[in-house]
Each structure stands twice: as structure tokens, then as C-alpha cells.
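Notes to accompany the following structure.
The values are calculated or read from the model by the stated rules, or taken from the named source; none is laboratory data. Nothing here was measured: the structure is a model prediction, and the numbers come from that model. Note that we place each Cβ from the backbone using ideal geometry, even for glycine, and neighbour counts take in every protein chain shown.
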Amino acid sequence: MNHISEGFLTAVQLLIRGDAETYSAVSATIRVSGYSISVSLILGIPLGFLLGYYHFRGKRQVRLLVDTMLALPTVFIGLLVYAFLSRRGPLGEWGLLFTLPGIAIGQTILALPIVIALSASAVETMDQHLRITLISLGANQRQLFFSTLWEVRHSILAAALTAYGRVMTEVGISMMVGGNIKWHTRTITTAIALETNKGLFSMGIALGLVLILIAFIVNLSVSFLRKRS
Amino acid sequence: MDNLIYHIRHLKHFYNTHPALEIDQLSISQASVVGLIGPNGSGKSTLLKLLGFIDRPTSGEILFKGKSAEPFSDAVRFRVTLLTQTPYLMKRSVFKNIAYGLQIRGDSNHHQERIYEALEMVGLPAEAFAKRQWYELSGGEAQRVALAARMVLKPEVLLLDEPTASVDTASAQRIRDASLQARREWGTTLIVASHDWQWLYEICDEVLHLFRGRLAGSGNESIILGPWHPRDDGLWEKILNDGQRIVVSKPPERDAAAVIASDHIIVRLPGDEDAPRIPSLDGIISRLILEKCSRQIIAAILVENFPITAKFTQTQVRNMGLYPGQRVKMYYDPKSIQWI
């Protein structure tokens, strides 16, 4: 048990001291998850709205596909993105393998189905009278879209949080696409995996604590926003 | 024809493959008050949603002031508004709910003053209610706020879908008064679907009777559902629980609905020797209502538990001494029955 308690102690020291290696992983994680969640929300919310709001031929099949993609294993996404971004792959020229944007592409594939599926569910379960109310008060199609999203904002926030939690904590994509390069593409989760393999629990625990802290801050901010609205 | 606000042509509307509404021709005049009556599922709400340009009809067209219009078109977007039976208030304060329609019109003149006026119009003290959140209202208050959100827009057409069905008596009265005030002050055309016949006959210039998605007449008809059974004399009949028989001419199908216009019903007091020699039914008068446009009296007569509508002049009512609760005999000619 000693190594665990020592790990916690060292973790606190590393964080207080501002250990550069630790903060490099924290910075990489925040940046890459920021890219991926932004793209996922920009694409996922309108797509989720369309999927939840409109009835069209093949809707059930699209829904099934999106729901299936919720269960995509991160290592499989990592493998696919690696195959596309590697020098032999179709997107090899872009030079994105072992870069943070490369990881962000994989994480977007991971988060997008979550945002689409949960946004679609939020819009689907919305009271049908909202649509009638908005149109009968004079809303045009753009106002209908934004006002509907505003009405289901808490569910959309929950979708964003769930997706963010998933990209922050994934290892497979970051490891395979990013290559876990120190000072460059090493994220909190890949660092934890590496340090644990090396038997350096303190660093691993420190990074784990940071991950929990980030999750706490994000949730706290969302809860504050929710209260204000 | 110039003062028509709506003209419907060859309208058909389906929900998936289920036919919900079929109206070949219908015209509604500007600033008129039109009532829609009919049982649940008869197409009243569907018609209101189509007239409110919420949904697009499956086929046919709706002309608004002589021009073809559809959902989101500029010709109707800021002119027509619908209030549903179950009000939906957005997750914001009462003030912001009422301000929504003004905001999307880009109308920022005297917001507060106009919103307060709209609240007062529906009988809610403005100062006390404006700041309340949507969840701090009773059902009747929410419905009145929803109506205020429409009133503040001074609409050309106000469509009300059973606006008083799920609210208390006081709220219902306020909603009725505010709707009529809109008509009086701004010339708003009112189209109201309601089960409250009394109210509709009191206020409406015209009452339309919808049944199974079709117009069945002007509201003074009785609709009797099958199944019908053949008799030996070539006529058909339906036997009621109390043993009375409704005798009709041959229906187009066993389950067809028979329509008897009130003009074709003759009412006599029991024991009247001057009774016609045609089929009759025994009933009890349940309601007497004054019809605003004709100044005649509409009588709802219960035969077993089945409402039949008959029409009287005020003199007839006085001479016969009719009153709710009185037993009467109704005579009708089976040949006068229409089928839908």
C-alpha cells in the first residue's frame, strides 16, 4: 500500500512545484480535447437536431448507425485514423500522424456520435407543442432551430459533457495516432499508462488527479451556467 | 369575395396513410367568429394547424387574403397565430415568453408597456406575473400567459384550439373575454374549436360541424353512428339501450353515420294529438341555447344518452313552454337523412 500513498504525496508535490513534464501532458490534453469537442459540437448539434426533429426515409437506419457508433472501441478508431494518416494512407500527405490535430480527428470520430445521438434524443423528447408555439408566434426556420435548441439546452449541455468526458479519458486514439511523444503528443492518459508501466506511480496518480480536477472544473462551470439560465 | 380571409380549395390532409381531413371548399370572412365543433378525432385541431400554417396540407391549397400561402411565408408568419389546448411556455419568465413574438419581429417599441397590457387583458396582474418563471404558474394561468403572448402581437387571425377545455371557470371566462376583445378592438378573425356549444353558439357568426375529417354542416345537425340493421319493411334501424329504435333509410354501409339536420326534426310535447305519422323518438331537453346569428333557440335533446339537436323560434319555445328537463317527442322523416 506504501507505493500508493507515496504516489499521492508525490503527486501533490509535482503539481505544486509545477513539474514541466506533468504540465506538458495536461496542456496537450486540454488542447486536443478542446479541438475535438469544438468540432464535434459544431457538427453534432445541427446533425442531432436534424435527426431528432425531422422525419425522413431511412431515419431509423441512420439512428441505428449513430447508436452503433456509440460503442466504437477507441483502439479501433485509433487503428482506422492511423491507417488513413500514415504515410501509405490516403491522407498521408497531410502529415498529421503523431500530431495533436491527428489525435483530434480520432477523438472527433469518438465524440461526434455521442453529441448527435444525445442531441437527437433531446430534440425528439421535446414537447411537440413547442414547435407549434414557435411557428405560431412567427418564428422563421432559423429562429425555430435556435429557439428549440435553447429550450433543450440542458440536455445539449449534458451531451457535450458526456462527449467531453469520453475524449478526455480515452487512451487508444491518443496512443496510436499520437504516438505518446514526450513534450509533444503525450496526453494525461497516455502518460498515466506509460508511467504505470515504468512503475512510477506518483506521476501516474498526479496526472489522474489533474484529470479529475479538470472534470470537476468543467462540471462546476456547466452547473453554474445551468443555474444562470 | 373581397373580404375573405381564408379560402380552402380541394384540401386533403393525411397522417401517414390515415386520412385526417378532406374539405373541398370553405371560405371564412375577415373579422368573423367561426366555431368548429365535432367529436375528438374529427379533424378540428388538424384544420386549425393548417389554417395556422403550422403544417402544409398533403394536397389542395389554402388562400390567405386571396393568395396561396404556406408555412413560414411572409404573407402569414406575422398575421396568424394559434393557441393550443395544452399551452407550451418556453423555459423563461412570463415577461420573456410574451416578449418572444415581439423580439422575432424586431419590434422593440414600448415592450414593457405592451406586455403589461397583454397580461392585464387576460386578467393577470402584470407586476406580479411578469417576473414569474414558467414553472410558477397554474394550468389556467399558463394558458392565459400563452394567450397574452398572442394578444401582444395583435394578430389578424387568432385560432383557438379548445382554449378553455383544461382550465378553471375564472380562467375560461377571461380567455373568452380577451378573445372577443381582440375581435372588437382590432378586427381579429376568431376561429375557435370547442366542445362548449353554448359559448360557440353565443359568439359565432358561423359554426362548422366536422365529423371524420369532413364538414358535416353548420353545427345544427345530429350525427348518429351505426351499425345499422335491416328491417322487414325495407328500412334499417339502430336499437338503443333503452329499447328505442332509430329508423333510417338504407345506409350506404352498415357503419355509416347518419346526419339529421335540425330543420328536419319536429318536436312535440308527449300526448300531442297533432303528431305527424313518421318515426319518433322520446327524449329529454338537456340544454336550450340562443344562437347569436339567427336569434333562434338551439335545443339539445337527449335520446337515451344520445344528443339530438333541434331548432326553435323564440315564440315556439314560449308557446310550448320548453325548459331543460322536459320530456318531448321528436319526429323525423327517414328519407331526410344524409349519410357520411
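Key figures for this structure:
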{"item": "Per-region count, the range B:117-135, residues surrounded by 14 or more Cβ atoms within 10 Å (Cβ to Cβ) and more than 21 Å from B:Gln173 (Cβ to Cβ)", "result": "3"}
{"item": "Residues being among the aliphatic types (A, V, I, L, M) and within 22 Å of B:Ala300 (Cβ to Cβ) - total across the range B:161-209", "result": "8"}
{"item": "Meets criteria (under 26 Å from A:Thr148 (Cβ atoms) and either charged (D, E, K, R) or part of a strand (DSSP E or B) (or both)) for B:Asp24", "result": "no"}
{"item": "Exclusive hit being out of contact with any Cys (no Cβ under 9 Å at 6 or more places or on another chain) and under 23 Å from B:Ser166 (Cα atoms), set B:Leu63, B:Leu82, B:Leu102", "result": "B:Leu82"}
{"item": "Residues within the range B:50-91 that are in a helix (DSSP H, G or I), in contact with a strand residue (DSSP E or B) (Cβ under 7 Å, 6 or more places away or on another chain) and either among the charged types (D, E, K, R) or modelled with pLDDT under 95 (or both), tallied", "result": "2"}
{"item": "Residue that is surrounded by the fewest Cβ atoms within 10 Å (Cβ to Cβ) [pool: residues in the range B:78-106 that are among the charged types (D, E, K, R) and within 10 Å of chain A (Cβ to nearest Cβ)]", "result": "B:Arg105"}
{"item": "Residue count, the range B:249-273 (criterion: part of a helix (DSSP H, G or I) and either surrounded by fewer than 11 Cβ atoms within 10 Å (Cβ to Cβ) or at pLDDT 90 or above (or both))", "result": "0"}
{"item": "Checklist (1) in contact with a Phe, Trp or Tyr (Cβ under 8 Å, 6 or more places away or on another chain); (2) free of Cβ contacts under 8 Å to residues at least 40 places away in the same chain applied to A:Arg60, failing item", "result": "(1)"}
{"item": "Residue identified as closer than 23 Å to A:Ile4 by Cα and touching a residue at least 60 places away in the same chain (Cβ under 8 Å) among A:Thr189, A:Thr169", "result": "A:Thr189"}
{"item": "Within the range B:147-187, tally of residues that are touching a strand residue (DSSP E or B) at 6+ places or on another chain (Cβ under 6 Å), assigned to a helix (DSSP H, G or I) and within 14 Å of chain A (Cβ to nearest Cβ)", "result": "2"}
{"item": "Filter result for the condition that a residue is more than 14 Å from every other protein chain (Cβ to nearest Cβ), more than 22 Å from the chain's Cα centre (by Cα) and hydrophobic (A, V, I, L, M, F, W, C), over A:Met168, A:Met203, A:Met175", "result": "A:Met203"}
{"item": "Answer from A:Leu130, A:Leu149, A:Leu161 - the residue that is more than 23 Å from the chain's Cα centre (by Cα) and assigned to a helix (DSSP H, G or I)", "result": "A:Leu130"}
{"item": "Of all residues making up the range A:86-108, the number that are touching a Ser or Thr at 6+ places or on another chain (Cβ under 9 Å), at pLDDT 95 or above and in a helix (DSSP H, G or I)", "result": "8"}
{"item": "Unique residue being aromatic (Phe, Trp, Tyr) and part of a helix (DSSP H, G or I) when the list is A:Phe49, A:Phe56", "result": "A:Phe49"}
{"item": "Filter result (over 24 Å from A:Gly138 (Cβ atoms) and either assigned to a loop (DSSP other than H, G, I, E, B) or touching a His at 6+ places or on another chain (Cβ under 6 Å) (or both)) within the range B:188-201", "result": "B:Ser194, B:His195, B:Asp196"}
{"item": "All positions within the range B:233-248 that are assigned to a loop (DSSP other than H, G, I, E, B) and surrounded by 15 or more Cβ atoms within 10 Å (Cβ to Cβ)", "result": "B:Leu235, B:Leu240, B:Gln244"}
{"item": "Selection from the range B:52-77 of residues that are more than 11 Å from chain A (Cβ to nearest Cβ), touching a residue at least 60 places away in the same chain (Cβ under 8 Å) and under 21 Å from the mean Cα position of the chain (by Cα)", "result": "none"}
{"item": "Conditions (1) modelled with pLDDT of 90 or more; (2) among the polar types (S, T, N, Q); (3) touching a Gly at 6+ places or on another chain (Cβ under 9 Å): number failed by B:Thr315", "result": "(3)"}
{"item": "Cross-chain or 6+ apart pairs with Cβ under 6 Å, the range A:118-132 first and at the interface with another protein chain (Cβ under 8 Å from one of its Cβ atoms), then part of a helix (DSSP H, G or I)", "result": "A:Leu130/A:Glu151"}
{"item": "Hits in the range B:304-340 - residues which are surrounded by 14 or more Cβ atoms within 10 Å (Cβ to Cβ), within 16 Å of B:Arg268 (Cβ to Cβ) and out of contact with any strand residue (DSSP E or B) (no Cβ under 7 Å at 6 or more places or on another chain)", "result": "B:Gln316, B:Met320, B:Asp333"}
